[in-house]
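Read the structure below first, then the notes.
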Amino acid sequence: MTIIVVLVIGLIVGLLARFITPGPNPRGIIVTIVIGIVGAVIATYGGQALGLYAPGEPAGFIGSVIGAVVLLVLLRLFSR
C-alpha cells in the first residue's frame, strides 16, 4: 500500500511541476511520476543541506514540487 501512495503523490507532484514549468512536456506518465519522486528526494537532501529539515525528516509537499521543478529545468538544460 505504501508503494501505491508514493506513486500517487509522485504523480501529483510531477503534474504540478509540469504545469508550473513553461514549455513543451512531451514525456509520459511514468516519467512524470519519476520526476515527482526524484523531486521529493532532491528537496529532502537539499533542505537538509540548507538546514531546513532535520536529518531523517522528509520534505514537505511544497518542497517536493520545488524540487521537481528544479529537476525539470535541469533536464531541459541538459537535453538540448
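Which residues, counting only those in the stretch 49-80, are polar (S, T, N, Q) and within 16 Å of the chain's Cα centre (by Cα)? Outline the logic, then answer.
Filtering the stretch 49-80 for residues polar (S, T, N, Q) gives 64, 79.
Answer for the stretch 49-80, where residues must be polar (S, T, N, Q) and within 16 Å of the chain's Cα centre (by Cα): just S64.
In the stretch 1-35, what count of residues is obtained for those that are part of a helix (DSSP H, G or I), β-branched (V, I, T) and surrounded by 11 or more Cβ atoms within 10 Å (Cβ to Cβ)? Explain how you work it out, then say what you get.
Narrowing the stretch 1-35 to residues part of a helix (DSSP H, G or I): 2-20, 29-35.
Add one more test, that the residue is β-branched (V, I, T), and what stays is 2-6, 8-9, 12-13, 20, 29-35.
After this cut, where a residue has to be surrounded by 11 or more Cβ atoms within 10 Å (Cβ to Cβ) as well, the list is 6, 8-9, 12-13, 20, 30-35.
Of the residues in that region, 12 qualify.
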Collect the residues in the stretch 1-24 that are in contact (Cβ under 8 Å) with a residue 40 or more places away in the chain and not hydrophobic (A, V, I, L, M, F, W, C), keeping them in residue-number order. G14, R18, T21, G23
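Starting from residues that are among the aliphatic types (A, V, I, L, M) and outside any helix (DSSP H, G or I), keep the ones in the stretch 49-64 and report whichever is modelled with the lowest pLDDT.
Residues of the stretch 49-64 among the aliphatic types (A, V, I, L, M): 49-50, 52, 54, 59, 62.
So of that shortlist, the ones also outside any helix (DSSP H, G or I) come out as 52, 54, 59.
Values: L52: 85, A54: 83, A59: 77.
Ranking the qualifying residues of the stretch 49-64, first place goes to A59.
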Given (1) without any contact (Cβ under 8 Å) to a residue 12 or more places away in the chain; (2) in contact with a Gly (Cβ under 6 Å, 6 or more places away or on another chain); (3) hydroxyl-bearing (S, T, Y), identify the lone condition not met by T32. (1)
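The values are calculated or read from the model by the stated rules, or taken from the named source; none is laboratory data. This is a predicted model, so every value here is computed, not measured. All Cβ positions, even for glycine, are placed from backbone atoms using ideal geometry, and neighbour counts span all protein chains on display.
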